[in-house]
1. Give me a count of the residues in the range 112-135 that are assigned to a loop (DSSP other than H, G, I, E, B) and more than 20 Å from Gly6 (Cβ to Cβ).
2. Output the residue which, of all residues in the range 7-38 that are modelled with pLDDT of 85 or more and touching a Ser or Thr at 6+ places or on another chain (Cβ under 7 Å), is most open to solvent (accessible area, probe 1.4 Å).
3. Within the range 76-87, does at least one residue satisfy the condition of being open to solvent by 40 Å² or more (accessible area, probe 1.4 Å) and within 19 Å of Ser17 (Cα to Cα)?
4. Could you list, in sequence order, the residues of the range 56-75 that are surrounded by fewer than 16 Cβ atoms within 10 Å (Cβ to Cβ), under 14 Å from Ser7 (Cβ atoms) and of a type outside the set (A, V, I, L, M, F, W, C)?
5. Please go through the range 39-55 and give me each residue that is of a type in the set (A, V, I, L, M), open to solvent by less than 50 Å² (accessible area, probe 1.4 Å) and under 13 Å from Ile14 (Cα atoms), ordered by number.
Amino acid sequence: MFIGDGSYDKDNGITFSLNEHKITAIHILQKALHDWNIDYQLSFKEDDHNVYFIKIYNKNLVNVIQNIVSGRTAITKRLNDYIFTQSKEFRKGIIDGWYWTDGGNSNRIYSINPYLIHSGEAICATLGIQTIIDIS
């Protein structure tokens with residue numbers, strides 16, 4: 001989910017900016033933190049445009065995410081080669097989280113980042129998923 005709607009918080013944490021339909025994913029985030037044995041503090045705030053900001057404070061979480069994704073913005077985020085050494089379930093989770101945040105109808109994932117697009121295509125290939133890149 002970090003790939004699509006996450007950013008690093010200046011206070012050693014991660015912030016997710018989710019809409020009202022995606023906020024249900026908070027339980028998935030909490031399960032992942034539990035599975036990784038990461039203690040955390042969480043804050044939750046809604047703005048005037050139905051965007052929910054979930055901030056998860058923990059330096060270890062930042063380190064985990066930085067092993068997976070480098071870069072801070074939509075155009076600079078890159079998937080690290082680390083993901084290709086991980087299990088099929090892990091790689092599928094990367095695609096599922098990205099789809100959940102930047103996905104659309106007709107099994108599409110939207111991105112403005114060519115590096116992310118190509119590494120996403122590579123992950124899909126390792127999972128036996130065919131892809132088509134459409135630049136419009």
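The values are calculated or read from the model by the stated rules, or taken from the named source; none is laboratory data. Source: prediction; values computed, not measured. Neighbour counts run over all protein chains shown; Cβ positions are idealised from the backbone, glycine included. These area figures cover heavy atoms from the full protein model, side chains too; ligands, DNA and RNA do not enter into them. Shrake-Rupley method; radii C 1.70, N 1.55, O 1.52, S 1.80 Å.
1. So the answer is 9.
2. Among those that are modelled with pLDDT of 85 or more and touching a Ser or Thr at 6+ places or on another chain (Cβ under 7 Å), it is Ser7.
3. yes
4. Gln66, Ser70, Arg72, Thr73
5. Selection gives Ile54 alone.
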